[in-house]
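Q: One structure is given below, represented as C-alpha cells, and several questions about it will come after.
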Amino acid sequence: MPRPPAYRIVILQLTLALISACVAWIHSDVAARSALMGGLTCAVPNAYFIWRAFRYSGARSAPKIVQSLYQGETWKFVLTALFFSVIFIRVEDLNALALFAGFMTVQLGHLASAKVSNF
C-alpha cells in the first residue's frame, strides 16, 4: 500500500504562507513579514507532525503509528506555542493582525488539503 502524498499538504501550506505575505505586502513591509511569520508558525509545526505521523506503515507497526501520532500532535502544539512566544518576545516591529491572519490562512488551508492530497 503506497504512502499518502502528505508532502503536498506541506507544499500547500507553505504556498498559502507566501500568498498571505504577498497580500499583506500591499499594506506594509511589517505586515508582510508578520503574515509570513504567522503562516510559518502554522506550517512548520504541521510539517513536523506530518513527517512524524507518516514515518511508519503497515499493520505490524500499529503501536508505533499510534505513538507517533500522539508525539507528533504534542510536539506540534509545543512548537506552535514556542514560535508564538519567540515572535512576541523578540520581534519589535510586529503587526499582530497580519500575524494572526497569516496563521489562520494557513490553518484554514486544511479545508483544501483533502482535495490537494488526492491529486
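Q: What are the pairs, 6+ residues apart or on separate chains, where a residue within the range 56-78 that is of a type in the set (S, T, N, Q) has its Cβ under 6 Å from a residue that is assigned to a helix (DSSP H, G or I) and at pLDDT 85 or above?
A: Cβ pairs passing all conditions: Ser68/Arg52.
Q: Looking at Leu12, is it more than 20 Å from Leu97 (Cβ to Cβ), in contact with a helix residue (DSSP H, G or I) (Cβ under 6 Å, 6 or more places away or on another chain) and open to solvent by 30 Å² or more (accessible area, probe 1.4 Å)?
A: Taking the combined requirement at face value, the residue satisfies it.
The values are calculated or read from the model by the stated rules, or taken from the named source; none is laboratory data. As the structure is a prediction and not an experimental result, all values here were calculated from the model. Ideal geometry is used to build each Cβ from the backbone, glycine not excepted, and the neighbour counts take in all protein chains shown. For accessibility, only protein heavy atoms count, side chains too; no ligands or nucleic acids. Shrake-Rupley method; radii C 1.70, N 1.55, O 1.52, S 1.80 Å.
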